Amino acid sequence: MAPISALPLDPMPLRADFPILATKVHGDRPLIYFDNAATTQRPRQVIQSLVDAYEQHYANVHRGIHWLSEQSTDLYEEARESVRRFIGAEHRHEVVFTTGATAAINLVARTWGDQQMRPGDEILLTEMEHHSNIVPWQQLAERTGCVVRFIPLTDDGRLELSALDQLLTERTRLVAVTAVSNVLGTVNPVREIAARAHAAGALVLVDGAQSVPHAVTRVAEDGADFIAFSGHKMLGPSGVGVLYGREQLLDAMPPFLGGGSMIRRVTLTGFEPADLPAKFEAGTPPIVPALGLSVAIAYLEQIGMERISSYESMLTGYAYELLARVEGLRLFGPPPSGRSGIVSFVLQGIHAHDVAQIVDQDGIAIRAGHHCAMPLHKRLGISASNRASFYFYNTRDEVDRLGAALERVQRVFRRRGDRTGALTG
Amino acid sequence: MSIDGDPELYQERILDHYEDPYHRGACPDATHAHEDDNPLCGDVIHVELRINGQGRVDEAWFSGDGCCISQASASMLMEKLEGMSVQEVKQFSTQDMLQLFGARLTPNRQKCCLLSWRVVQAALHAPIEATDVAGDPGAAADAASAEREASPQEAS
């Protein structure tokens, strides 16, 4: 008999772990949650761990001599260790807890960036970045006079890597790229980009917000100098995220926020920063969310990230083909073979908000808007799109119901004459 | 529940305005005009008004692009404005606008409905050539403030 980890993932028993997935909306409609790229839901194991932490283990960390503080500190540091293992980092102190991916990227921009960048130095992004991997660099450019440049996209939503050699100059100090587009679902060849960036003398920051929750992450092998991701997009609580950075880089960076925890000693004339990772964790950290994240990681590891990836790949392929058959529906991004579990689209002549509002009446939660990627939408020539994003607890049946709901949207907006005909016919 | 969508929001009256809007186009001899957008969803509304010597709206026209609610509500507002005095238009509140639209709207969709209202309030202070008949320059800021209170920001 094959070991459990070799069997394909069956979402049904896992769904039972997620109380919110049993919700009925608008009366009797089962909730179909397709907004996982914005935030995922949590299994009861994670929810219970938060209660347990507050009821049994809670005190401030790295402060007390007392028993409870030692317990809390041990659990918090064990959480850091579970993140280290999950992303394949070499050292535990290379894992810095932040409030999320946004805070992690801003940390790098405000410390490494402020320290290193000179007028005319270049930072290379891509046209598919989330605002959280654009704006911190634009702010850095305002402060330091560095220049932000962008890797363009092909028409099917991949990076135009033939432009990379020209864009990587001797002034390029950093390439900051998302591993997976939060709109197109495109899986970027991070390893190749990192190798070429390093060859040009640039560092690499990976926005892992959409990749770490869905696939095996090995920071060392990928060549990421930094990686940022959020707990709430991978079954964890909101309010905790991670910055991984190579030890040597983190050591050389100045501290970020000043306050408690991040110092070795303080005098009236100055301070001496603490060692890693405390140096970047000023103030009371997100203690309980970090514990919850470690339980989320344990849950994901128990399923197996390979199984999650292959199940989501199957579901995405199924959704892609089903949506491609909907009349007047335009899909964005590459074919299913090159994408993660995110499918964005527009229905011709119908605004994304109207689409989302009508499918919501069927209990289906999809995103409408620019998904924090306005430059990408400009590149696509649209102001807004709809996005369905999946996790391992979604099913083919749910995708079928999205297809049916989209056909209903078209009936609502069919020209009046036609609509009347449809009603009587 | 109707088979044709939310009976409140996508009702016939609203879809009629969306598909066959009142005064979509350019206003002949317009005296006032303004345009604004909601960058979060891409809705854009352009309004042109002809305000006569007695301070009344002779004609109100709009053009734009966006969701059903933004466009249908603009059409309803154009219809409503004609014949109103500038003072009456200024007193036409966000609540009046939501009431004119009729269907129940969640806070995020209220922004769509209030876009044309916001553009009209600003247009009163945006004469094309002649002097500003609306007077009080603080009113546009008041309108923006009133709208913020009426409708929370969408996350971006």
Flag if A:S310 is open to solvent by 40 Å² or more (accessible area, probe 1.4 Å), closer than 29 Å to A:A215 by Cβ and part of a helix (DSSP H, G or I): yes
Scope region A:341-356; condition modelled with pLDDT under 95 and either open to solvent by 30 Å² or more (accessible area, probe 1.4 Å) or closer than 18 Å to A:V399 by Cβ (or both); matching residues: A:Q348, A:G349
Which numbered condition B:S93 misses (of (1) surrounded by fewer than 18 Cβ atoms within 10 Å (Cβ to Cβ); (2) in contact (Cβ under 8 Å) with a residue 60 or more places away in the chain; (3) farther than 22 Å from B:A26 by Cα): (2)
Residue under evaluation A:K378, criteria (1) free of Cβ contacts under 8 Å to residues at least 12 places away in the same chain; (2) open to solvent by less than 10 Å² (accessible area, probe 1.4 Å), criterion not met: (2)
Test result for A:P237, out of contact with any strand residue (DSSP E or B) (no Cβ under 8 Å at 6 or more places or on another chain) and farther than 30 Å from A:D397 by Cβ: no
Selection count, region A:381-412, where residues are under 23 Å from A:L14 (Cα atoms), open to solvent by less than 10 Å² (accessible area, probe 1.4 Å) and not polar (S, T, N, Q): 8
Search result, residues across region A:357-369 that are buried (at least 21 other Cβ atoms within 10 Å of the Cβ) and more than 7 Å from chain B (Cβ to nearest Cβ): A:V359, A:I364, A:I366, A:R367, A:A368
Subset of region B:45-83 that is in contact with a Ser or Thr (Cβ under 7 Å, 6 or more places away or on another chain) and of a type in the set (K, R) - its residue that is farthest from the other protein chains (Cβ to nearest Cβ): B:R56
Within region A:255-269, considering residues that are over 26 Å from the mean Cα position of the chain (by Cα), within 18 Å of A:H93 (Cα to Cα) and not small (G, A, S), the one least open to solvent (accessible area, probe 1.4 Å): A:M262
Cross-chain or 6+ apart pairs with Cβ under 7 Å, region B:97-125 first and farther than 19 Å from B:E82 by Cβ and open to solvent by less than 10 Å² (accessible area, probe 1.4 Å), then in a helix (DSSP H, G or I) and among the aromatic types (F, W, Y): B:C113/B:F101
Among the candidates A:P285, A:P289, A:P334, residue that is outside any helix (DSSP H, G or I) and buried (at least 20 other Cβ atoms within 10 Å of the Cβ): A:P285
Selection status of A:I227, surrounded by 22 or more Cβ atoms within 10 Å (Cβ to Cβ) and either in a helix (DSSP H, G or I) or among the basic types (K, R) (or both): no
Among the residues listed as A:L243, A:L235, the single one being assigned to a strand (DSSP E or B), in contact (Cβ under 8 Å) with a residue 40 or more places away in the chain and surrounded by 18 or more Cβ atoms within 10 Å (Cβ to Cβ): A:L243
Residues of region A:49-75 satisfying the condition of being in contact (Cβ under 8 Å) with a residue 60 or more places away in the chain and assigned to a helix (DSSP H, G or I): A:S49, A:L50, A:A53, A:Y54, A:H57, A:S72, A:L75
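Yes/no matrix, rows are residues, columns are (1) open to solvent by less than 30 Å² (accessible area, probe 1.4 Å); (2) more than 21 Å from the chain's Cα centre (by Cα):
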position	(1), (2)
A:P13	no, yes
A:G27	no, yes
A:P30	no, yes
A:N36	yes, no
A:L50	no, yes
A:S72	yes, yes
A:F86	yes, no
A:T98	yes, no
A:N106	no, no
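I'd like to check which helices (runs of 4 or more DSSP H) are fully inside region A:118-203 and have at least 3 residues that are free of Cβ contacts under 8 Å to residues at least 60 places away in the same chain and farther than 26 Å from A:F332 by Cβ.
A:135-144, A:190-199
The values are calculated or read from the model by the stated rules, or taken from the named source; none is laboratory data. Model, not experiment: these values are computed from the prediction. Methodologically, a virtual Cβ is constructed for each residue, glycine included, from the backbone with ideal geometry; neighbour enumeration extends over all protein chains shown. Heavy atoms of the whole protein, side chains included, go into the accessibility calculation; ligands, DNA and RNA do not. Shrake-Rupley method; radii C 1.70, N 1.55, O 1.52, S 1.80 Å.
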